[in-house]
Amino acid sequence: MNDFHLAQVNVGRILAPLGSPRLADFVAQLPEINALADRAPGFVWRMVDDDGTDSTGLRPENGDDLFLINCSVWESVEALRDYTYRSEHLKVLARRREWFERLADFHLALWWVPAGHRPSVAEAMERVALIRENGEGPEAFTFRAPHPPPVESPTA
């Protein structure tokens with residue numbers, strides 16, 4: 001048994017404030033999409049703000065009200081991939097350009113955490129910075145080049 005889970009962070013800058021008509025359809029779908037994640041096979045945890053429903057109240061980029069973060073933990077790359085690309089989540093993902101700016105750099109990072117660990121906003125943003133600075137590697141990667149979980153050394 002492996003004692004590691006997969007953490008993921010994705011960030012984006014929305015094209016208008018959350019309360020605007022332009023983002024109304026996105027905001028309306030958040031409860032359903034979050035509930036879908038919560039029920040998905042292999043789901044472990046997701047980051048939420050102080051109101052406890054989603055992470056739209058968090059401001060990881062110097063108080064920029066248009067910059068959002070989503071962070072979660074999954075049992076495996078496969079579980080996250082299935083949720084992302086083989087569930088109703090794909091319909092929302094396909095519409096992301098309606099709501100989010102196209103970022104010129106990495107906006108997603110995956111990394112392994114010890115089972116039970118819950119990443120902070122700072123830790124998640126460090127992984128985004130790491131993949132932007134160094135490209136993909138064992139410390140921060142994407143679905144295109146996944147890395148296996150660390151292998152714990154056997155106890156003597």
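List of remarks:
- Charge dipole (debye, nearest 20) of the chain; +1 at Cβ of Lys and Arg, -1 at Cβ of Asp and Glu: 520 debye
- Fraction of accessible area attributable to carbon and sulfur, the stretch 103-156 (%, probe 1.4 Å): 57 percent
- Low-density loop positions, GluC sites (Glu not before Pro), the stretch 65-121 - DSSP coil, at most 15 other Cβ in 10 Å: E88, E101
- The trypsin sites (Lys or Arg not before Pro) of the stretch 59-156 that meet both conditions, a loop assignment by DSSP and at most 16 other Cβ atoms within 10 Å of the site Cβ, are R86, R95, R102, R144.
- Across G12, G135, G52, mean-square fluctuation computed from a Gaussian network of the chain (C-alpha pairs under 10 Å connected) peaks at G52.
- A Förster radius of 25 Å, combined with the Cβ-Cβ distance separating R102 from F143, puts the computed FRET efficiency at roughly 0.85.
- Theoretical gain in end-to-end length, D64 to R95 [0.36 nm per residue, Cα-Cα removed]: 8.9 nm
- Between A79, A40, A24, the Gaussian network model of the chain with springs among Cα atoms under 10 angstrom shows the greatest mean-square fluctuation at A24.
- Backbone geometry of the stretch 46-63 corresponds, through the Karplus equation with coefficients 6.51, -1.76 and 1.60 at θ = phi - 60°, to 3J(HN,Hα) couplings of 9, 6, 10, 8, 4, 7, x, 9, 7, 10, 5, x, 7, 10, x, 10, 6, x Hz, x marking Gly and Pro.
- Approximate spin-label separation D25-E152, in nm, with each point projected 7 Å along Cα-to-Cβ: 4.7 nm
- Scattering curve values for the stretch 46-109, log₁₀ I(q)/I(0), Debye with Cα scatterers, q = 0.21 Å⁻¹: -1.16
- A straight line joining the Cα centroids of the stretch 86-123 and the stretch 1-40 runs 8 Å.
- Ratio of Rg to Rh over the stretch 9-156 (Cα coordinates, Kirkwood Rh, two decimals): 0.96
- Average accessible surface area per residue within the chain, 1.4 Å rolling probe, Å²: 56 Å²
- On the beta carbon distance between D51 and N134, with R0 = 25 Å, the FRET formula returns roughly 0.10.
- Cα-based Rg of the stretch 1-62 normalised by 2.2 N^0.38 Å, two decimals: 1.32
- Neighbourhood net charge (15 Å Cβ-Cβ; Lys/Arg +1, Asp/Glu -1) for W45: -2
The values are calculated or read from the model by the stated rules, or taken from the named source; none is laboratory data. The shown structure was predicted, so the numbers you read here are calculated from the model rather than taken from an experiment. Heads up, the Cβs are rebuilt from the backbone with ideal geometry, glycines too, and the neighbour counts pull from every protein chain shown. Keep in mind that these areas ignore ligands, DNA and RNA; they rest on the heavy atoms of the full protein, side chains included. Shrake-Rupley method; radii C 1.70, N 1.55, O 1.52, S 1.80 Å.
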